Amino acid sequence: MDETSFLKILDEKLFVDDWQYIDYYALLSYLRTGEQIVIVDVSGEDNLKYFTHKQLTYINIPYREILRKADQIEPFNGKTIVCVCAGGPKSAVAALMLGFKGINAIFLSGGVEAVAQINKVN
């Protein structure tokens with residue numbers, strides 16, 4: 001897919017209210033039910049490398065490389081895959097791009113700080 005086609009699809013999606021995201025409270029609720037969550041840090045840095053939680057699997061793939069490295073996420077398809085960045089916009093785009101690859105992903109409203117709060121709880 002070329003850049004023009006991608007931007008056209010992105011523009012169409014921006015007008016549709018089907019962006020899938022969760023917030024801190026929803027993520028915490030998933031964890032309380034014992035669900036395994038795959039966190040994909042799409043920021044340029046590995047912001048989450050120091051965080052640990054027994055129910056979270058962390059993967060760092062900068063959002064500009066998400067399509068090229070989607071094969072690293074494919075084995076987790078079917079689990080709850082949550083894209084995270086510092087604040088939210090890059091993770092939203094990454095989740096959308098993973099959808100183009102057939103990977104069901106959502107993004108976390110609140111970004112890295114929301115994950116940091118999860119780690120403080122447990």
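Ordering Y25, Y30 by accessible area with a probe of 1.4 Å, largest first, what comes out? Could you put the intermediate results ahead of the total?
Details: Y25 165, Y30 75 Å².
The most accessible residue leads, giving Y25, Y30.
If R₀ is 25 angstrom, what is the calculated FRET efficiency for the pair Y25 and E45, using the beta carbon separation as r and rounding to 0.05?
Efficiency, rounded to the nearest 0.05: 0.45.
Give the ranking of Y58, Y21 by solvent-accessible surface, highest area first, calculated with a 1.4 Å probe.
Sorted descending by solvent-accessible area, the residues read Y21, Y58.
Taking 0.36 nm per intervening residue step and subtracting the Cα-Cα distance, what contour gain separates L67 from K54 on full extension?
That works out to 1.9 nm of additional length.
Using a 1.4 angstrom probe with every protein chain in place, what is the largest-first accessible-area order of D23, D41, D71?
So, going from the largest accessible area down, we get D71, D23, D41.
What does the extension gain come out to for E74 and Q36, with contour length at 0.36 nm per residue minus their alpha carbon separation?
12.2 nm
With a sphere of radius 13 Å drawn around the Cβ of E35, what net charge do the other residues whose Cβ falls strictly inside it have (Lys, Arg +1; Asp, Glu -1)? Could the numbers behind the result be given before it?
On the way: positive: R32, K54, K79; negative: none.
With Lys, Arg at +1 and Asp, Glu at -1, the net is +3.
The values are calculated or read from the model by the stated rules, or taken from the named source; none is laboratory data. None of the values given here were measured: they were computed from a predicted structure. Please note: Cβ atoms are built from the backbone with ideal geometry, for glycine as well, and neighbour counts cover all protein chains shown. Side chains included, ligands, DNA and RNA excluded: accessible areas come from the protein's heavy atoms. Shrake-Rupley method; radii C 1.70, N 1.55, O 1.52, S 1.80 Å.
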